[in-house]
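This report refers to the structure that appears directly beneath it.
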Amino acid sequence: MNRNLADGLRFLSKQSPRRLWNIAQVVSSFYVSKWTGRVIHKGLPISISFEPTTSCNLRCPECPSGLRSFTRPTGMLQETLFKKTIDQLAPTLSYLIFYFQGEPYLNPNFLDLVSYAAGKGIYTATSSNAHYLNDDNARKTVESGLDRLIISIDGTTQETYEQYRIGGSLEKVLEGARNIVKWKKKLGSKTPHTIFQFLVVKPNEHQIEEVKKLAREIGIDEVGLKTAQIYDYEQGSPLIPEQEQYSRYAKQADGSYNIKNTWDNSCWKLWHSCVITWDGTVVPCCFDKDAHHRMGDLKTQTFEELWTSSEYKTFRSSVLRSRSEIEMCRNCTEGTQVWG
């Protein structure tokens with residue numbers, strides 16, 4: 001069976017009648033809100049992102065973790081907070097991403113958290129720079145029940161890789177990937193579905209075909225090509241690719257750059273998902289890296305109280321009125337369409 005198809009069927013197999021009903025409520029209320037311009041919201045999140053930690057071992061140039069530029073504190077997600085939240089959401093939650101900022105494997109309890117969520121029948125995914133996938137961690141990852149593992153690999157030679165993944169070792173990434181593939185075979189496991197994520201930037205765009213070949217050689221299930229978010233893109237950047245299909249930004253006649261995608265005054269992410277930082281703060285989406293738009297605090301509120309609060313309704317209303325009012329939305333090329 002095609003590996004991508006198998007992964008999709010695995011996701012579908014985890015959807016209970018209650019989760020499917022939740023999806024239907026969220027999707028229908030999103031479209032009603034989009035068409036009427038009024039906030040109508042039913043259901044609980046289909047997907048959430050939980051941040052294991054803000055710590056990271058690398059110094060990637062367009063990442064707040066890498067730049068050490070956070071104003072919010074650095075820390076580790078605690079098991080008690082995580083389990084309390086998952087217990088509240090598990091009956092309706094379809095998809096759980098263990099990632100926001102930082103490197104998940106730096107949290108010593110990370111794989112225990114994965115196992116807990118997997119035991120609730122939730123589809124689980126994470127994104128890692130793969131520097132900590134030694135033999136023991138690779139085995140524990142496969143045993144944890146993790147459904148999807150995204151491995152960031154932004155070059156096929158060390159020289160290219162380290163131009164974005166500053167401080168990283170390509171050899172460690174490849175060793176970690178091979179360890180995961182090895183333990184999947186040894187344990188007879190179909191999971192995790194492995195993805196080489198290639199963030200296409202100017203220094204590495206000539207290696208796209210090479211990374212696909214490398215993935216086949218190692219036994220990685222899929223290669224994902226991702227466009228890069230550039231914070232200061234207007235006057236160009238040495239990271240913007242020459243190949244326009246891999247860039248979020250289009251060059252104008254005067255040499256400046258604009259975001260290519262047009263977006264309307266709606267946002268699917270605000271209806272179906274949210275991000276929970278390591279300390280329990282809930283923010284609307286993954287573009288709010290420094291948690292400026294705080295919808296509530298799970299240390300003092302239940303999730304449902306927070307999700308249906310006046311603060312969340314006000315924020316959703318502001319997006320329906322004008323996304324341009326919100327700073328983080330101005331550099332956003334996502335979120336406008338269902339499944340987009």
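The values are calculated or read from the model by the stated rules, or taken from the named source; none is laboratory data. The structure presented is a predicted model; accordingly, all values stated were derived computationally and were not measured. As a convention, Cβ positions derive from the backbone with ideal geometry for all residues, glycine included, and neighbour counts pool all protein chains shown. Keep in mind that these areas ignore ligands, DNA and RNA; they rest on the heavy atoms of the full protein, side chains included. Shrake-Rupley method; radii C 1.70, N 1.55, O 1.52, S 1.80 Å.
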Any hit, region 301-311, residues being of a type outside the set (Asp, Glu) and farther than 23 Å from residue 87 by Cβ: yes
Residue in region 58-74 that is of a type in the set (Asp, Glu), crowded, with 20+ Cβ neighbours inside 10 Å and within 19 Å of the chain's Cα centre (by Cα) present: no
Any hit, region 217-236, residues being of a type in the set (Lys, Arg), within 23 Å of the chain's Cα centre (by Cα), under 22 Å from residue 47 (Cα atoms) and at pLDDT 75 or above: yes
Conditions (1) among the hydroxyl-bearing types (Ser, Thr, Tyr); (2) free of Cβ contacts under 8 Å to residues at least 60 places away in the same chain; (3) outside any helix (DSSP H, G or I); (4) touching a Pro at 6+ places or on another chain (Cβ under 8 Å): number failed by residue 141: (3)
In region 119-130, the residues that are among the small types (Gly, Ala, Ser) and either open to solvent by 30 Å² or more (accessible area, probe 1.4 Å) or farther than 21 Å from residue 274 by Cα (or both): 119, 130
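Yes or no, residue by residue, for (1) in contact (Cβ under 8 Å) with a residue 60 or more places away in the chain; (2) closer than 30 Å to residue 119 by Cβ; (3) open to solvent by less than 20 Å² (accessible area, probe 1.4 Å):
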position	(1), (2), (3)
149	no, yes, yes
152	no, yes, yes
155	no, no, yes
160	no, no, yes
168	yes, no, yes
171	no, no, no
177	no, yes, yes
188	no, yes, no
201	no, no, yes
Of all residues making up region 261-286, the number that are under 14 Å from residue 329 (Cα atoms), open to solvent by 20 Å² or more (accessible area, probe 1.4 Å) and in a loop (DSSP other than H, G, I, E, B): 6
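Being more than 13 Å from residue 137 (Cβ to Cβ), of a type outside the set (Val, Ile, Thr) and open to solvent by less than 70 Å² (accessible area, probe 1.4 Å) is the filter here; which residues of region 190-199 pass it?
Result: 193, 196, 197, 198, 199.
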Checking residue 106 against (1) modelled with pLDDT of 95 or more; (2) closer than 25 Å to residue 302 by Cα, the condition it does not meet: (2)
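Rundown of residues vs (1) among the hydrophobic types (A, V, I, L, M, F, W, C); (2) on the phi < 0 side of the Ramachandran plot; (3) not in a loop (DSSP other than H, G, I, E, B), yes/no style:
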site	(1), (2), (3)
167	no, no, no
178	no, yes, yes
181	yes, yes, yes
217	no, yes, yes
229	no, yes, no
